[in-house]
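Contents: one structure, followed by commentary.
Each value in this text was obtained by applying a stated rule to the coordinates, not by laboratory testing. Just so it is clear, the structure is predicted and the values come from calculations on it, not from any experiment. Glycine also receives a Cβ, built like all others from the backbone with ideal geometry; neighbour counts cover every protein chain displayed.
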Amino acid sequence: MSATLKTERPLFEGADWEFSTVQKCHDAIQEIAVGEMGLDVYPNQIEVIGTEQMLDAYSSIGMPLFYKHWSFGKHFARDEAMYRAGMQGLAYEIVINSNPCISYIMEENSATMQALVIAHAAFGHNHFFKNNYLFKQWTDADGILDYLEFARDYVLECEEKYGETAVEALLDAGHALMSHAVHRYPRARATNLRMEEKRERERRQHDEQVFNDLWRTVPGQAAVRLDPTALERRRAILQLPAENILYFMEKTAPRLAPWQRELLRIVRQVAQYFYPQGQTKLMNEGCATFVHYKIMTRLHEQGKLTDGAMVEFLRSHTNVVFQPDYDDRRYSGINPYALGFAMMQDIERICIEPTAEDVQYFPDIAGKGNAMAVLRDIWANYRDESFILQFLSPRIIRHFGLFHVLDDADSPSLRVRAIHDELGYRNIKRTLAKQYDVGWSTPDIQVVDVDLAGDRKLIVHHRVLNKILLEENDAKLVLQHLADLWGYDVLMKEVDATTDAVLKEHIVSPRAGALGA
Amino acid sequence: MHIVDRRLNPGGKSLANRQRFIRRARSMIKKSVHEASGGRSIKDADSGGELVLPAQGVREPSFRRSASGGIRDYLLPGNKEYTVGDEIPRPEGGGGGSGSDGSQDGNGEDEFRFALSRDEFLELFLDDLELPDLAKRRVANTESVSYERAGYSVSGNPTNLALLRTVRNSLSRRIALHRPKPEELQALRDEIETLEPGERRRALEEELSRKERRTVLIPYIDPLDVRYKRFDAVPKAVAQAVMFCLMDVSGSMTEHMKDLAKRFYILLYIFLKRRYKNVELVFIRHTHTASEVDEDTFFHSPDTGGTVVSTALDEMQRTIADRYDPSAWNIYAAQASDGDNTASDNERTANLLVNKILPCCQYYAYLEVGRDIEHFPPGFMRRDSDLWQTYEALVASGAPMAMRKVGHRRDIYPVFRDLFARKVGTEIAAP
């Protein structure tokens, strides 16, 4: 922090701010973020909101507009109660992966916090959204707001036509299966939510045009009998096994009405939109935290931040990147801000002043000099799991004192498998990466077969990893929803992934009139 | 870049969702409301507040792994003493480790807490009673403003300086910026004293002067630390009302009758609360003597003796004269009784009412509580009670009061509404 740089006037003094302050901060930050750090961002739209609106945004998973459902009301009620009781603070910001990128900032924030939030969300997250391959592949920043508007209106229209209860029942079922409503592997066609909306409108128009009441009374064709031996063929036609359960329901559930399929599709699209966020929490927050730290430090160097503002920033920053130890009462898992920020800083250090150890572990980037270029490349091409596998350095493992504990329900005590030493680095890296792998964190559930010739029973498998079964009560409730959607019995087998032994079976029959239609 | 000010957007975007949620959980919430109101006294019967619901009914299930059993890997930060191969006894309460493998949102919530607003609470509380629109204001609510503490602010009046908060901030800032402590400086000075001039002494002196400079640069209290107590303006009620609850507690009044009376009082209280911010309650119970008691004694402790209604009216009159000047207070009275009265007292009671009590009352209601009507054989006609006959004569001669009979819990509300609906015309005559 050499004094010679302090030539500029501070952007603001004291805690108060007005819109011109926000504009000035944004411009100064943009200069650094784009000019010096080479970030590539969507145009920004910054929206100033109050507490109540922040709670609103919370309850509709951060989206500015959303269809109506009681579960959002439930979350609102709980968040509000917690907030009013002082048990939980509110986030300083919410940022939406859209083009233009919308960041919400709270009116209660001080000027320093607004600058921090702009650097963090409007540039850090924004850059990540625009450049990370997962977001590029899975989400459509241009179309999301329009699609959500379509979804909201469509749900509203369905409520008017078919009644709130029927819509609610269907959305309940959809939400229960939301965690299994994504395609994990990309298909050829790119996502385009605008097309989605258009497609639905056209299909409805077509239906209306060709509607002819006469045909309703014509006796239907006799059901086509499938050759019972052609199991393989049947599975191929139905595209089984299917892991995207909602997609499978939407396409093949025999008893659903078109509007019900469309609602499932909406739930599915939303799940798909949020899919990359779950896989890049660590990197996304790491990136944004690193960016805001860099930018704020730089602003202070340039004399655009007063010392007081800098202290306020550092205080808030250290709170954010605080990682309590495992035996601390405050411990609740690894803080993605802390680990992400530490790893980004570490990568920068490796690029600029590598140790012998770094050269050994990271020959590709050690001493490469241009840290920002390396980081930008990483932010574009990795997700949490691969990022940790590749870049969790021994230094970070030592710094956090990471250790691996194995808990086998069959043995009386837990066992330490690896600690932060030469022998343990590899193991720790792999175990941690696995925790961030969605393949491990959500149970592997697939639709494997349908008894088309017989009673149309749907057969679903849970491939059990490490002998951890599904939480039984929840599983039963979800299966009930699934059976309601399917319209016939559903059989779930929990199958051990290594031995193929069936560990547990659940069978559920649909409830009459459960979907209210 | 655009900046959009959304603060002025209409709020309550979640209202529709909240209503859906309340509708969804209605039966549970209602049960919870009734449970909550059972334990409340009349005074806070309508205060809204936090409810606890079992999470089961508003659960949003998803496929997730069970929290117990199987083989799990935990990766934890902050290793202090463990080396590879150490055995750690399994922590109590199953699970194991600290649950770093937990599901993303699978907080195993087993109950769900949330706050109902006063109106939502009332609506649910009166749901099977249906509070009608009684919004005929007779007394304007003039309000003045008082100030209440509401957190801290960074600006304010010096008299409102929050010393503790300010010093706490200053302390953390001093720790963060490594401001030298006076003891440190003193220790340095002492050490320098003991040293001969030389290399070491010069170094220490340099350090001392560096630290002293730092002490000056980093102030003990910086304007940044200063916090003020914040005060919010809270409207204060000026219009005030007092509600007299009169009840016969002689042996003939059963628990059932008292319960009916209590329900009626609650309704009346809520009703008054909607008009006056400030409602006081006076409980007067009587047998052949009357006394003012607290709520608990009023409803719960039995008394024995004859029944002389006029004693209660005497007591009420005395209390009004003592504490509630009719020109400053809106006076409401509700009398509950099973209708018994000593025959010789009826005339005195009527006189007292017409001449003393009614002229200074805003409203007087008489509620005759009976046994559950169903207990009477069909076709059985009850004879009107002494008190009823006395009062009926008064009402017939145009006295501004209302009277009803109630036999069952479900009648309370219709009777209540009926009372107020009928009063509108006559009430204006009795300001």
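Here is how the numbers come out for the structure above:
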item	result
Ascending count of other beta-carbon atoms within 10 Å, so fewest first, for A:GLU471, A:GLU160	A:GLU160, A:GLU471
Descending semi-axes in Å of chain A, equivalent ellipsoid built from Cα gyration tensor	46, 30, 21
Charge context of B:ASN79, other residues only, Cβ under 11 angstrom, K/R +1, D/E -1	-3
Test item: Cα-centred dipole of region A:442-508, Lys/Arg +1 and Asp/Glu -1 on Cβ, debye	40 debye
Gain upon complete extension [B:TYR220, B:ARG23; 0.36 nm per residue less C-alpha separation]	65.3 nm
Computed magnitude of the charge dipole of region B:158-228 (debye, nearest 20; Cβ of K, R +1, Cβ of D, E -1)	560 debye
Value at 222 nm in deg cm²/dmol, rounded to 500, when DSSP H runs of n ≥ 4 in chain A each add -39,500 (n - 2.57)	-15500 deg cm²/dmol
Calculated FRET value between A:ALA236 and A:HIS206, using beta carbons and R₀ = 25 Å, to 0.05	0.35
Selected from A:LEU432, A:VAL502, A:ALA236, residue furthest toward positive end of dipole (chain A; charges at beta carbon)	A:ALA236
Fewest-first sequence of A:LEU452, A:LEU392 by Cβ atoms within 10 Å of each Cβ	A:LEU452, A:LEU392
Size of charge dipole - region A:404-453 - debye, nearest 20, with Cβ of Lys, Arg +1 and Asp, Glu -1, no other charges	400 debye
Principal axis box of region A:278-359, alpha-carbon based, largest edge first, Å	39, 37, 25
Under 24 Å from A:LYS493, Cα to Cα: lysines that are on another chain or at least 8 residues apart	A:LYS251, A:LYS457, A:LYS467, A:LYS476, A:LYS504
Reduced Cα scattering model of region A:442-508, Debye log10 I(q)/I(0), q = 0.19, 0.25 Å⁻¹	-0.70, -1.11
Whichever lysines have a C-alpha closer than 29 Å to that of B:LYS80, once near sequence neighbours (fewer than 8 apart) are set aside	A:LYS281, A:LYS429, A:LYS434
Hits among lysines - C-alpha to C-alpha of B:LYS30 under 22 Å, sequence gap 8 or more where chains match	A:LYS74, B:LYS43, B:LYS262, B:LYS273
Average beta carbon contacts from partner chains per residue of A:426-432, 10 Å cutoff	2
Positive-end residue of A:MET296, A:ASN335, A:GLN277, charge dipole of region A:230-350 with Cβ unit charges	A:GLN277
Packing-based exposure ordering (other Cβ within 10 Å, fewest first) of B:SER252, A:SER98, B:SER337, B:SER170	B:SER252, B:SER170, A:SER98, B:SER337
Separation of the A:GLU157 and B:THR159 label points, Cα + 7 Å toward Cβ, nm	6.4 nm
Charge dipole of region B:158-228 about the Cα centre (unit charges at C-beta), most positive-ward option of B:ILE218, B:LEU171, B:LEU161	B:LEU161
Set of region A:475-498 residues, backbone N closer than 19 Å to the point 7 Å along the Cα-Cβ line of A:ARG456	A:479-492
When region A:347-497 is reduced to its Cα atoms, the Kirkwood hydrodynamic radius in Å	19.2 Å
